[in-house]
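Have a look at the structure below before the remarks.
The values are calculated or read from the model by the stated rules, or taken from the named source; none is laboratory data. None of the values given here were measured: they were computed from a predicted structure. Counting neighbours? That spans all protein chains shown, and the Cβs are built from the backbone with ideal geometry, glycine included. The protein model used for the area step is the full one, side chains on, heavy atoms only, and it has no ligands, DNA or RNA in it. Shrake-Rupley method; radii C 1.70, N 1.55, O 1.52, S 1.80 Å.
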Amino acid sequence: MESAELQQILNNVKNNIAKLVKGHDSVITKTVCAFFSGGHLLLEDVPGTGKTTLAKALAKSLGMKFNRIQFTPDLMPSDITGVSIYSPKTSAFEFKKGPVFANIILADEINRASPRTQSALLEAMGEGQVSTDAGQFVLEKPFFVIATQNNIESKGTYTLPESQMDRFAMKLSLGYVSAEAEMEILNGRGFVSELENLEAAVSFDKACEAIRAVEEIKVSDELKYFIIKLVDSTRSAQNVKLGASPRAALSLMKAAQSTAAFDGRSFVIPDDILSNAVQVLAHRIILDNSSFISGKSKESVITSILENTKVPV
């Protein structure tokens, strides 16, 4: 696929989502980047800022099989992966697939379920398969999880385990929109009717072809070493108890490739890496107790690393 065609596909998806999601241009771009780079996405914000709408608009724009899972305290792992049911007709147990068997999964309010249930997605997100009492099942590709969570300070929420946070390629926050964008929302026909009328911006086959094309975007060895250096710096940074994993380096490279595709380039430049580093790395690190006293955030740690690491020319 030519760079110009790939750029057009990504922008068509972005513009289609923007018809419904107002005032979040940069977040929409990152969301599209996350999908076409083959990663998963975590959206964290206060209720009512459009997290679920963004996820649904993405699924509609891509025209792929979509399932929504509402995470609640009583949700069980089998409610996600599926369950074996005894059939009197065949006198045998038949496996009924759960909602995880789709191309795009909206894990809504993922941190309202127990850690045990949250971990049911770990294998699916990391290996593209699920293990059940009926055996192992390979999930159809592409497989993309876009999870939403309320702030961890909200009532009735659990903290996501570190292993699951590492499965998310990016973590984004929408925030409140401007007064102008909010006026557009008030003047609209409503999310439900607009979502129903939203058409796919790209065919299934073209979307899959675009994902493969993003993987082919060139990353020089010098830039790969730069990514490794950034990730390694998180492991020795001040106030960091646990740094980013090798999976983080891979996610950062893939995010840079999809960013290059948005600009119509067949190669990655340093800015592609720098513009994604905070969203890819910050949620993966764990700060020590002293950071809470000093008020240091994960994002500020990554920003400081970027400022103190020499960028390849």
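The rows are residues; the columns are (1) of a type in the set (Asp, Glu); (2) within 16 Å of the chain's Cα centre (by Cα); (3) not in a loop (DSSP other than H, G, I, E, B).
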site	(1), (2), (3)
LEU6	no, no, yes
ILE9	no, no, yes
LYS14	no, yes, yes
GLY23	no, no, no
ILE28	no, yes, yes
LEU43	no, yes, yes
THR53	no, yes, yes
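With respect to SER294, determine if the residue is in contact (Cβ under 8 Å) with a residue 60 or more places away in the chain, among the small types (Gly, Ala, Ser) and over 30 Å from ALA213 (Cβ atoms). For SER294, the condition - in contact (Cβ under 8 Å) with a residue 60 or more places away in the chain, among the small types (Gly, Ala, Ser) and over 30 Å from ALA213 (Cβ atoms) - is not met. Of the helices (runs of 4 or more DSSP H) lying entirely inside region 239-313, those containing at least 1 residues that are at pLDDT 95 or above and in contact with a Leu (Cβ under 7 Å, 6 or more places away or on another chain) are 246-262, 270-274, 277-281, 298-307.
Look at ASN16 and say whether it is open to solvent by 30 Å² or more (accessible area, probe 1.4 Å) and closer than 19 Å to GLY264 by Cβ. No.
Here ARG116 fulfils each of the conditions (1) loosely packed, with under 13 Cβ neighbours inside 10 Å; (2) in a loop (DSSP other than H, G, I, E, B) apart from (2).
When the criteria are applied in full, PHE93 fails the requirement of being modelled with pLDDT of 90 or more and aromatic (Phe, Trp, Tyr).
Evaluate region 269-277: report whether one residue or more is more than 30 Å from MET1 (Cβ to Cβ), open to solvent by 70 Å² or more (accessible area, probe 1.4 Å) and out of contact with any strand residue (DSSP E or B) (no Cβ under 9 Å at 6 or more places or on another chain). No, because not a single residue in region 269-277 is more than 30 Å from MET1 (Cβ to Cβ), open to solvent by 70 Å² or more (accessible area, probe 1.4 Å) and out of contact with any strand residue (DSSP E or B) (no Cβ under 9 Å at 6 or more places or on another chain). Filter region 61-85 for residues that are part of a strand (DSSP E or B) and either open to solvent by 20 Å² or more (accessible area, probe 1.4 Å) or of a type in the set (A, V, I, L, M) (or both); which is farthest from ILE28 (Cα to Cα)? Per the stated criteria, the residue is ILE85.
When you scan region 200-222, do you find a residue that is among the β-branched types (Val, Ile, Thr), outside any helix (DSSP H, G or I) and either free of Cβ contacts under 8 Å to residues at least 24 places away in the same chain or surrounded by fewer than 20 Cβ atoms within 10 Å (Cβ to Cβ) (or both), even just one? Yes, region 200-222 has at least one match. Exactly one residue out of LYS30, LYS51 is surrounded by 15 or more Cβ atoms within 10 Å (Cβ to Cβ), in contact (Cβ under 8 Å) with a residue 12 or more places away in the chain and under 23 Å from LYS141 (Cβ atoms): that is LYS30.
Every residue, every condition in (1) open to solvent by less than 30 Å² (accessible area, probe 1.4 Å); (2) touching a Phe, Trp or Tyr at 6+ places or on another chain (Cβ under 7 Å); (3) without any contact (Cβ under 8 Å) to a residue 60 or more places away in the chain; (4) outside any loop (DSSP other than H, G, I, E, B), yes or no:
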| position | (1), (2), (3), (4) |
| --- | --- |
| PHE93 | no, yes, yes, yes |
| LYS96 | no, no, yes, yes |
| ALA107 | yes, yes, yes, yes |
| GLY126 | no, no, yes, yes |
| GLN164 | yes, no, yes, yes |
| ALA169 | yes, no, no, yes |
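Filter region 223-237 for residues that are within 17 Å of PRO270 (Cα to Cα) and among the β-branched types (Val, Ile, Thr); which is surrounded by the fewest Cβ atoms within 10 Å (Cβ to Cβ)? Checking each candidate, the answer is ILE228.
Among the residues making up region 284-308, those that are under 19 Å from LEU250 (Cβ atoms) and open to solvent by 10 Å² or more (accessible area, probe 1.4 Å) are ARG284, ILE305, LEU306.
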